[in-house]
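As structure tokens, the structure follows; a few thoughts come after it.
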């Protein structure tokens, strides 16, 4: 299964008075580059979130957005600061005894003193909150991965078509090579005949010249290697997985063979096909940049 590095996924999950929205989008990148934007209260989960993303993607620049709404937030517990109450009571009693004054401290007055009554915001259960959040992240990631696979399969089909076209060009060059040598031999003999009339042609010298020329323009090795790279790329595409880097290397090797072929070519038709090869390889390299 081939995956593109371009993808999108979204999940909106509600549970009681809480709602979380998770959204992912990605573009090409040499490595896995994850950028997370989320509420501060989720910072404690950052490493867990990164681990989840790594289950679904190996490469790409991924932007992850998390928004959270909790209508139950702000609910507080009211509690009595008993220690402070005792201190206030003791102070009133001490002042009453010390100065002979009536202790008129009442409960309502005591409750009005600062920090006697405290409000504490309820802290959510961290594991329970992570369970809720992770469901949304996994759901968004599943959609995200599916979109990458759909795009990846389209790229795979396109690349296989381009490789088939390349094989046709390679076959043409291979079949054309013997004809080029024969044409050179024929032209060489014609030139000798034009230059020197009624002189017997030295067949061994002709053979030597043709051999030198054939060695100079021979691209058999380049075509063998190019066919091998095409086959390796086809196998990698059909096997699937994270093959982007492997295919990029093969494309570089293909380009090297096409360049050598073009530099050796002395035939216009072969030169044109070699140029088509280079153009096709460049298109393949562009497409490969989108693969994970």
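Here are a few things to note about the model shown:
- Wholly within segment 1-78, strands (runs of 3 or more DSSP E) carrying at least 2 residues that are in contact (Cβ under 8 Å) with a residue 40 or more places away in the chain and under 28 Å from residue 288 (Cβ atoms): 7-15, 18-27, 60-70
- Being modelled with pLDDT under 95, over 18 Å from residue 248 (Cβ atoms) and touching a strand residue (DSSP E or B) at 6+ places or on another chain (Cβ under 9 Å) is not true of residue 37.
- Residue match in segment 171-181 (condition: at pLDDT 85 or above, in contact with a helix residue (DSSP H, G or I) (Cβ under 6 Å, 6 or more places away or on another chain), closer than 25 Å to residue 289 by Cβ and assigned to a helix (DSSP H, G or I)): no
- Selection within segment 258-279 - surrounded by fewer than 22 Cβ atoms within 10 Å (Cβ to Cβ) and modelled with pLDDT under 85: 262, 263, 264, 265, 266, 267, 268, 269, 271
- Cβ-Cβ under 8 Å pairs, at least 6 apart or on other chains, segment 258-277 side without any contact (Cβ under 8 Å) to a residue 12 or more places away in the chain, far side crowded, with 18+ Cβ neighbours inside 10 Å: 271/262; 271/265
The values are calculated or read from the model by the stated rules, or taken from the named source; none is laboratory data. It should be emphasised that the depicted structure is a prediction, and the values quoted were computed from it without experimental measurement. Here Cβ is always computed from backbone atoms with ideal geometry, including for glycine, and neighbour counts include all displayed protein chains.
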